[in-house]
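Here is the structure we will look at.
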Amino acid sequence: GYDPRVYKLGLEIARDYLTYGFSAEGSSTEAVGYTQFGFVWGMPFMVAATRRGETLLQHARHRATLDWYLHTLEPSGGAWQSHGDGGDRGPEYHTMHMWRWFFPDDPRVKVLWAEWLRSVGGKPHSGRFHVIEPLIFADDYEVPAGPATRPASLKLPTTWHDEERGSFYARSGWGEDDAMMRFECRIDSHGPSHEHADRGTFTFSALGRTWAREFFRSIESRHHNVVLVDGKGQGFW
């Protein structure tokens, strides 16, 4: 049966997660890909709460995640680079369908939707997801994806810096052959988790290829692209 106390507690947990699990710039304490694993169940709850008059989807830090998704996007499109477990994965089915359904006129959403469609081969209801997600967004089968929109149309800055997390992205432009460098020196970690120390790590993409990528959770520097300082790697927390 339905217990209103459980729903009320769920709202408190969801608000706290959005407030303390994300920076003001919109980046999570995890990678883009790993954050999606939590949203598998978090997103349906936030949708249910929105339909009951709550404002979780309007949370400022949640809305800022769109900027995080855009700046972690590979120049060649349809792929993402952020640091941590699942770091080479982007926003997933449930996240993109939520944004597309509730914020169809946001230009950032239109671009991300087009890029996500590229990542799934143009089939918005393919891939890995739970049955509850297509049931929630059943009407979205009839919503057209719209013309493919490239990030250059947003005229975003070519650098993005999250002081709270310690991430920096810089690119030569928003074209498919432009270069993108990501550098990270985490300052928000308080204990061991999937992101480990993450200090001095980087990724690099250019000319339509990813030359130095990130995809592994291990703490050893030998598993990452790392700038050594005095011959030493990332260290621990």
Query raised in the report: Scanning the range 13-25 for residues that are open to solvent by less than 70 Å² (accessible area, probe 1.4 Å) and touching a residue at least 60 places away in the same chain (Cβ under 8 Å), which turns out nearest to Ser82 (Cα to Cα)?
Result: Ser23
Report summary line: Residue pairs qualifying under the 6 Å Cβ cut-off, at least six apart or on distinct chains, with the first in the range 88-110 being on the phi < 0 side of the Ramachandran plot and assigned to a helix (DSSP H, G or I) and the second being open to solvent by 20 Å² or more (accessible area, probe 1.4 Å) and of a type in the set (S, T, N, Q), are Lys110/Thr149
**Report entry** Where a residue in the range 42-65 is touching a residue at least 60 places away in the same chain (Cβ under 8 Å) and its partner, wherever it lies, is open to solvent by 60 Å² or more (accessible area, probe 1.4 Å), with Cβ under 6 Å and at least six apart
**Finding:** Pro44/Ile132
Report summary line: Checked pairs for the range 167-182, first free of Cβ contacts under 8 Å to residues at least 60 places away in the same chain, second acidic (Asp, Glu) and open to solvent by less than 30 Å² (accessible area, probe 1.4 Å), C-beta under 9 Å and 6 or more apart or across chains, list as Phe168/Asp162; Phe168/Glu184
Query raised in the report: Within the group Thr19, Thr72, which residue is within 21 Å of Ala114 (Cα to Cα) and either at pLDDT 90 or above or in contact with a Gly (Cβ under 7 Å, 6 or more places away or on another chain) (or both)?
Result: Thr72
Query raised in the report: In the range 142-195, which residue that is surrounded by 15 or more Cβ atoms within 10 Å (Cβ to Cβ) and among the hydroxyl-bearing types (Ser, Thr, Tyr) is modelled with the lowest pLDDT?
Result: Ser189
Query - Residue check, Gly10 of a type outside the set (Asp, Glu) and open to solvent by 10 Å² or more (accessible area, probe 1.4 Å) - result: yes
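Condition check ((1) of a type in the set (Asp, Glu); (2) open to solvent by less than 10 Å² (accessible area, probe 1.4 Å)) across all residues:
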site	(1), (2)
Glu30	yes, no
Phe37	no, no
Ala60	no, no
Trp68	no, yes
Ser76	no, no
Glu92	yes, no
Trp101	no, no
Query raised in the report: Among (1) touching a helix residue (DSSP H, G or I) at 6+ places or on another chain (Cβ under 9 Å); (2) over 22 Å from Thr201 (Cα atoms); (3) modelled with pLDDT under 85, which single condition is Gly122 missing?
Result: (1)
Report summary line: When the range 31-78 is checked residue by residue, the ones that are assigned to a loop (DSSP other than H, G, I, E, B) and under 9 Å from the mean Cα position of the chain (by Cα) are Ala31, Thr72
Query raised in the report: Applying the selection to the range 39-58, what residues are of a type in the set (A, V, I, L, M) and surrounded by 17 or more Cβ atoms within 10 Å (Cβ to Cβ)?
Result: Val40, Met43, Met46, Val47, Ala49, Leu56, Leu57
Report summary line: For Ala24, the lone unmet condition from (1) part of a helix (DSSP H, G or I); (2) at pLDDT 90 or above is (1)
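The values are calculated or read from the model by the stated rules, or taken from the named source; none is laboratory data. This is a predicted model, so every value here is computed, not measured. Here Cβ is always computed from backbone atoms with ideal geometry, including for glycine, and neighbour counts include all displayed protein chains. What goes into the accessible areas is simple: the full protein's heavy atoms, side chains included, and nothing from ligands, DNA or RNA. Shrake-Rupley method; radii C 1.70, N 1.55, O 1.52, S 1.80 Å.
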